[in-house]
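One structure below.
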Amino acid sequence: MAATLLAAWVAVVLAGSSVLYRQALERLRAELEGAADIAAGLVSQRLAQHDAHLTSLAALAQRSDRILVDEIGQVAGAIRSFYPRIEGVDLVAWEGDPPEPAGWRTLVSSHRAGLEPVALPQLAPVLASAQPGRPVSSVPRPGRSRYVLVKRLPSAVGRFALVLTIDLAELVAGEELPAWGQLELRLGPASARVGHGGAAARAERFGPPAMTAERMLDNAGQPISLRLVRQPGWSDLALLRPVALLAAVALVPLGLAVLLAVQRRRAAQARGEAERARQATRLSERETAQAHAARVNAMGEMASGIAHELNQPLTALLSQSQAAVRLAGMPATDPAVMRRVLEANVQQARRAADILDRMRAYVSARPPAAGVCELGRIAMDMAELMRADLSAREIRLELDISTPPPLAWADPVQVGQVMHNLIRNAADALAGSGQENRHIVLRVDEADDMARIVVSDNGPGVAADMLPHVFEPFRSDKPDGMGLGLAICESIVHRFDGRIEAANPSGGGAAFTVLLPLARRKEHAS
Amino acid sequence: MMPHPPVYLIDDDSAVRDAVALLLATYGMRVESFAHPLDFLARQPELEPGCIVVDLRMPAITGLQLQQRLSEAGCGWPVILLTGHGDMQACRRAFKAGAVDFLGKPVDEHVLMEAVNTAFAALARYREQDEQRSLLARLTERERQVLVLVGQGYPTKEIAAALGLSPRTVETHRAHISEKIGSSSVVEFARLAQAAQAHP
């Protein structure tokens, strides 16, 4: 979690820094281009001045029918003193074409001290190619920073040329350049470097890449190219503060993300706990509901059937006893008749006691315990308990018990409950149908090495969409049902390692099959 | 004293059936027992009119359904329902369908005898009405009109005027009515006229 967030933070900072870095480089590039434009402007201006000097000198040279050597010499001296980059001004004349050394003359020569005057060998090619009125430049000694700008005077005057010797290195002063810039000037083989204060920026080892801006100056006679170089340092990029800011700002959403994640995890934990608690509650509610429904079934529904059963012997007892009292008061009463009446009373009293015994066995609050379960006897007891209820609803209950009856390993009372619920369920299904000749079959036998109880009816069967859900609690399709009867059956059957299945047999109706372990299997196992 | 009408006892529980039959017999009742309500329904048309005591809960059809079938068949014999439960719903339906009484089991002899005697009185009323109805059924529409007016005490002339008949024709109708009901007494005419108005 922490590592993920740290990685996320680093990624954000890196991505942001990369953007900032590129922006900073673009800014430097823009500065560089601007500086290059300024430098090119300066240089172009100065080159144009050279042309202008040549033009004015040429004009002076042609003002009269003779060459005004002295005047030209004075002007040349003035130019040179004003413009240190112009190291020499010469007016040369020659004979022949190409020029021949014999006729070579230097009419005017103004030079910076120590500088050799221009000589024919270096100038001969350029003089030969030069057109009158169009200055051309040439580099007398390659590798140096000096070039000559030659302007031939019109041929009408004779073979004359004005020659300016210019130092590239002096075209731009270091102070005119930005502190970070280094300017390279090149004209043919001549080149010069100018730096601010003379100090070239050192390239940092892992610094940003050097950047250059080149300009070709638009001057026909002096085709000079400029190259402004910048070797930026990290400090030039001025990235420290924005990156630091970014890192700080990036921490905020990351912090929020951390906070959210922590809160979400806590919420999820809380939800999980709440859900578990709810499930636990639901389970215990279900258990409680089942227990309650079981009691309702056992004590209520079953007792109501039992009450009716008890009413029968009581009715017989009461009527018979009252009849006996009347008979006893009649003089002509046959003692044999009285005897029969009393015997019938004894029988009915026993019947009532039997019913109570059965009821007590099924509703006594003893904990469920697995034991040998005589399914045949339980089936008969249940049939007896439910007989009146079923017959009132015009339902016939058929018993089909195999011989010998199976012995299951389960709690007899609870198995009785399962049968009771299944029969009641079938009766409810039948009661709701317009079915004639309603009947329920309770079959008890062995199948697949298990004890089997099958309760089937000839009712409408279980609705297809209900079939997969019949054992789920609260899924009743009866208007007044709680939907617990079958759920209780399932939980009881599962408690004793049994299975319960619902099906609509091809013959019609519904069939519920309960499979319970056989008692003899359990005994073998233990 | 005229003998009591019979009591028809219908209950699927033989012990109850025998006990109640014995009790009723000690009161001098003629009791005929039926284990199955359908057996009774099958034999009912040939039986002497009597009082029916039937258990509410029985296989095949309940006491209530038995009562319904009887009234559908036009049989107005009184019915006493016995039940193990104080089933209010069934009780209400039973009374609506004309049950004489609704008794809880086990039933005390006095309660039972009172209900049976009430039922006999109801049966007597029913039989009388039944007789009147059958007499009235023999009359033509015109004869019924004449009977009602005679019963109300109008003289022949006024009856003739009211019905737009000649007095002679009215006399002829009276003679026919007397013949059909087996009596020419004005009192008998008045009784039948009341019954005719009660059951038009």
B:Phe34 vs. criteria more than 9 Å from chain A (Cβ to nearest Cβ) and either hydroxyl-bearing (Ser, Thr, Tyr) or under 30 Å from A:Val325 (Cα atoms) (or both): yes
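Residues are listed down the side, and each one gets a yes or a no for (1) more than 12 Å from every other protein chain (Cβ to nearest Cβ); (2) closer than 29 Å to A:Leu467 by Cβ:
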site	(1), (2)
A:Met338	no, no
A:Asn345	no, no
A:Ala353	yes, no
A:Leu356	yes, no
A:Val418	yes, yes
A:Val441	yes, yes
A:Asp445	yes, yes
Positions within the stretch B:1-27 being farther than 20 Å from B:Leu56 by Cα, in contact (Cβ under 8 Å) with a residue 40 or more places away in the chain and either surrounded by 19 or more Cβ atoms within 10 Å (Cβ to Cβ) or within 11 Å of chain A (Cβ to nearest Cβ) (or both), in sequence order: B:Pro5, B:Tyr27
Complete set of residues in the stretch B:40-64 that are among the charged types (D, E, K, R) and either touching a Phe, Trp or Tyr at 6+ places or on another chain (Cβ under 9 Å) or at pLDDT 90 or above (or both): B:Arg43, B:Glu46, B:Glu48
Lone qualifier among B:Asp101, B:Asp108 - being among the acidic types (Asp, Glu), closer than 13 Å to B:Val53 by Cβ and assigned by TED's automatic domain parsing to the domain that holds B:Asp39: B:Asp101
Residue in the stretch B:69-119 that is nearest to B:Asp130 (Cα to Cα), counting only those that are within 11 Å of chain A (Cβ to nearest Cβ), of a type in the set (Gly, Ala, Ser) and not in a helix (DSSP H, G or I): B:Gly104
Odd one out for A:Ser304, checked against (1) more than 9 Å from chain B (Cβ to nearest Cβ); (2) modelled with pLDDT under 80: (1)
Top-ranked residue of the stretch B:83-132 - restricted to ones that are among the basic types (Lys, Arg) and surrounded by 13 or more Cβ atoms within 10 Å (Cβ to Cβ), ranked as modelled with the lowest pLDDT: B:Arg93
Residue in the stretch A:205-223 that is free of Cβ contacts under 8 Å to residues at least 60 places away in the same chain and buried (at least 18 other Cβ atoms within 10 Å of the Cβ) present: no
Residue in the stretch A:490-497 that is at pLDDT 90 or above and either basic (Lys, Arg) or closer than 24 Å to A:Asn458 by Cα (or both) present: no
Residue count for the stretch A:77-98, restricted to those that are out of contact with any Leu (no Cβ under 8 Å at 6 or more places or on another chain), outside any helix (DSSP H, G or I) and under 24 Å from A:Gln45 (Cα atoms): 2
Considering residues of the stretch B:56-68 that are assigned to a loop (DSSP other than H, G, I, E, B) and not charged (D, E, K, R) only, the residue nearest to the other protein chains (Cβ to nearest Cβ): B:Pro59
Qualifying residue in the stretch B:41-53 (condition: at the interface with chain A (Cβ under 9 Å from one of its Cβ atoms), of a type in the set (S, T, N, Q) and on the phi < 0 side of the Ramachandran plot): no
Residue, surrounded by the fewest Cβ atoms within 10 Å (Cβ to Cβ), within the stretch A:135-156, restricted to residues that are modelled with pLDDT under 85 and within 19 Å of A:Ala52 (Cα to Cα): A:Pro154
Tally of residues being free of Cβ contacts under 8 Å to residues at least 40 places away in the same chain and surrounded by 16 or more Cβ atoms within 10 Å (Cβ to Cβ) across the stretch B:150-168: 5
Residue check, A:Ala59 surrounded by fewer than 15 Cβ atoms within 10 Å (Cβ to Cβ) and within 30 Å of A:Ala93 (Cβ to Cβ): yes
Filter pass, A:Leu240 being of a type outside the set (Gly, Ala, Ser), outside the structural domain of A:Glu33 (by TED's automatic domain parsing) and in contact with a helix residue (DSSP H, G or I) (Cβ under 6 Å, 6 or more places away or on another chain): no
Condition met for A:Gln269 (at pLDDT 80 or above, within 28 Å of A:Gly16 (Cα to Cα) and not aliphatic (A, V, I, L, M)): no
Residues of the stretch A:1-45 classified as within 12 Å of A:Ala250 (Cα to Cα) and touching a strand residue (DSSP E or B) at 6+ places or on another chain (Cβ under 8 Å), total: 0
Residues (surrounded by 12 or more Cβ atoms within 10 Å (Cβ to Cβ) and assigned to a loop (DSSP other than H, G, I, E, B)) located in the stretch A:99-121: A:Pro99, A:Arg112, A:Leu115, A:Pro117, A:Val118, A:Ala119
Matching residues, the stretch B:1-19, being closer than 12 Å to B:Val116 by Cα and either touching a strand residue (DSSP E or B) at 6+ places or on another chain (Cβ under 7 Å) or among the β-branched types (Val, Ile, Thr) (or both): B:Pro5, B:Pro6, B:Val7, B:Tyr8, B:Leu9
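The values are calculated or read from the model by the stated rules, or taken from the named source; none is laboratory data. What you see is a predicted model; the values in this text were computed from it and never measured. Glycine also receives a Cβ, built like all others from the backbone with ideal geometry; neighbour counts cover every protein chain displayed.
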